[in-house]
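Below you'll find the structure, written out as structure tokens, and then a few comments.
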Amino acid sequence: MKYFLPFFLLLLTASPKAAAQCKLIAIDQVDEFDSTRVVASKPFNIGMLTPSGNMAENLEGQQLVEEGKAIFSFGNEHNIRSFFLTLAVVERKFFMIEADYNVYLKFVDGPVIQLLNVPADGEFDRKVLMWKYVHTCVVPLEYFFMLRDGLVEKIRIEYNDFKETIVLEPKQQQALQAAVKCVEERLNSGPVVKP
């Protein structure tokens, strides 16, 4: 009996259900009214630290802020299923941008893909004296597999009169890939447990 318990615990940790308990998932819920399911990763940083437009309290220099954050998610509503990459970025100036294929991802091994972006209007953040933009990009299934199996090196956002390129550090490249894999694991792990 004393050998059976460790063997049983080893089997549990090796099972697909146990492996599917990814800690990077922030939301996995089904709306009780319309059965919409949303699975989303926790936000993670992208890009470098950038000086804000605000001086630090000690006046020794500018306050540094994250260049951006990203979330990978899945939404399911009335037989429409899609993956999304949401980018929240800061900019020094106000830029115009329309819904279009204006977000590009460049992979470490070379390919560049273009995503449909449905942006929110820029909002001025008085704490850092910068504009904040949220870009929600639709990720087709073919690109989902590319994100799962490859590493993204750079993200390009094309505003109407300006181009912003965010370079991902190796840790951030792996964080994006891990978020994609965690959303997939959660979707494959069976029915959602309602809170």
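Summary of values
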read-out	value
Test: residue in segment 144-155 that is in a helix (DSSP H, G or I), among the hydrophobic types (A, V, I, L, M, F, W, C) and more than 18 Å from Pro111 (Cα to Cα)	no
Test: residue in segment 54-63 that is under 20 Å from Val183 (Cα atoms), touching a strand residue (DSSP E or B) at 6+ places or on another chain (Cβ under 9 Å) and in contact (Cβ under 8 Å) with a residue 12 or more places away in the chain	no
Answer from Asp109, Asp121 - the residue that is acidic (Asp, Glu) and touching a residue at least 24 places away in the same chain (Cβ under 8 Å)	Asp109
Tally, over segment 156-190, of residues that are assigned to a helix (DSSP H, G or I), over 13 Å from the mean Cα position of the chain (by Cα) and surrounded by fewer than 16 Cβ atoms within 10 Å (Cβ to Cβ)	3
Filter pass, Asn102 being assigned to a strand (DSSP E or B), among the polar types (S, T, N, Q), buried (at least 17 other Cβ atoms within 10 Å of the Cβ) and out of contact with any Cys (no Cβ under 9 Å at 6 or more places or on another chain)	yes
Residue list for segment 62-76, restricted to those being under 17 Å from Leu116 (Cβ atoms) and in contact with a Lys or Arg (Cβ under 9 Å, 6 or more places away or on another chain)	Ile71, Phe74, Gly75
Condition check for Lys69: closer than 13 Å to Leu176 by Cβ and touching an Asp or Glu at 6+ places or on another chain (Cβ under 6 Å)	no
Matching entry among Lys171, Lys127 (being of a type in the set (Lys, Arg) and touching a residue at least 60 places away in the same chain (Cβ under 8 Å))	Lys127
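Throughout, read-outs are computed from the coordinates displayed, never taken from laboratory work. Please read these numbers as outputs of a predicted model, since none were measured by experiment. Backbone-built Cβ (ideal geometry, glycine too); neighbour counts: all protein chains shown.
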